[in-house]
1. What's log10 of I(q)/I(0) for the stretch 1-159 at q = 0.11, 0.18 Å⁻¹, Debye sum over Cα points only, no solvent?
2. What trypsin sites (Lys or Arg not before Pro) in the stretch 153-229 are in a loop by DSSP, with at most 13 other Cβ atoms within 10 Å of the Cβ?
3. List the pairs from Lys57/Lys228; Lys297/Lys361; Lys116/Lys365; Lys79/Lys116 whose alpha-carbon separation is above 21 Å, in the order I gave them.
4. Can you put Asp345, Asp95 in order of accessible area, largest first, using a 1.4 Å probe?
5. Step through the table entries Lys47/Lys309; Lys214/Lys251; Lys99/Lys214, compare each Cα-Cα distance with 26 Å, and write down the pairs that go over it.
6. On a straight-distance basis, which aspartates and glutamates could pair with Lys344 in a cross-link, Cα separation under 14 angstrom, same-chain partners fewer than 8 positions away excluded?
Amino acid sequence: MQLSVIILNYNVRYFLELCVSSVQEALNGIDAEILVVDNNSTDDSCKMMKTRFPNVKLIENKENSGFPKGNNIGVAEAKGKYICILNPDTVVAEDTFVKVLAFAERQKNLGIVGVKLIDGSGNFLPESKRGIPTPWVAFTKITALYKLFPKTVLFDSYYAGHLSENQTGKVEILVGAFMVMERQLYLDVGGFDEDCFMYSDDIDLSYMALQKGKTNYYFHDTTVIHYKGESTIKDGTYMKRFQEAMNFFYKKHFKVSFLFSVFMKIGIVFFSLVKMVQGKSLVQKEKEHFVLYSKNKSLVQKIETALRKKVVFHDLNTEKMVFSSLTTESPVEILLDANSIPFKDSIAFMERIKNKRFTFKILSKNNGFLIGSDNSNERGTIIEISYTN
């Protein structure tokens, strides 16, 4: 078997459904399998998987064992030469795995491959490519020096500034939302370190691959949506775990002075508080205009009932997938029907017209819900739709 896709889920049933739908499309023609590991969710994630995706292997943990252990459990059951660690709040394009696997096969001494990630508004997520967060690099991140000197080697290492978002190349650290590597390498480095609950596990795994003499790559030629806010709510728990994660990584891999350790703790608290404020200060603007891109006009009335707003229908049977500007300055929500539009085209569309006026939601394959996230700090929105075939 060529590829095993491991998706660790915890209480994100609707995001999981959209994710698995997109992965299934992307695995057409590939000898592959999907393994969903559920960390004792209290929603109906497992029931949904058994009903909607009965052929997908579902591993039901009896406790929330954390990100590292949950993924390790999945990899232990995997059969593929390559594995993909994939967040459930992601959407992949139909050609994502074909392109990534072809790239991986061309490399010598391959470590981990990551891809271009965007948030739910189509904006590039800079953590798609990163440098090793040594004390100095972490300092430039926490103090925002990388923003003041974005093209200076001394200051721009945190987000791997030597590469643009549209440039493939070698990087040091990749994000755990999407990681492709050979299963044997994962086993050789011991997988994710189970002593770390979350947040530094992907840094640690990337770093251990480098220590094995492997080369990690950022691959820009496919884009994946990561509804980042859904899996990480910026609250007191986030701050505590972020501090623990950074302390774990430094203690494991670096020797630092007592004074610098104290400084880093203060910096981490400050950084975490800023992230909390960012998450709590977001005010949702009322959407006034909605445009549905679909081949199914009968959906309009059902969506209007769910939204309690008028929906403009853009018929993909007769029209191209372009956006005609509305004569308004108010926010516009674009609704993309996954039954009519390939995920790849939806992703490309989001990237092409992204700006502050537009937000996006994807209509699920079963027409049961609309889903999206307006930015990378908010939790995300699910709107259920009453639908009868």
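The values are calculated or read from the model by the stated rules, or taken from the named source; none is laboratory data. Predicted, not measured: the structure shown is a model, and the values here were computed from it. FYI the Cβ positions are ideal-geometry reconstructions off the backbone, even for glycines, and counts take in every protein chain you see. We work out accessible area using only protein heavy atoms, side chains counted, and drop any ligands, DNA or RNA first. Shrake-Rupley method; radii C 1.70, N 1.55, O 1.52, S 1.80 Å.
1. Here the Debye-derived log intensity ratios amount to -0.54, -1.13.
2. Passing sites in the stretch 153-229 are Lys212.
3. Table pairs above 21 Å Cα-Cα are Lys57/Lys228; Lys116/Lys365; Lys79/Lys116.
4. Values: Asp345 70, Asp95 30 Å².
Greatest to least solvent exposure: Asp345, Asp95.
5. Working: Lys47/Lys309 32 Å; Lys214/Lys251 23 Å; Lys99/Lys214 20 Å.
Violating the 26 Å Cα-Cα cut-off are Lys47/Lys309.
6. Cross-link targets: Glu25, Glu94, Asp95, Asp221.
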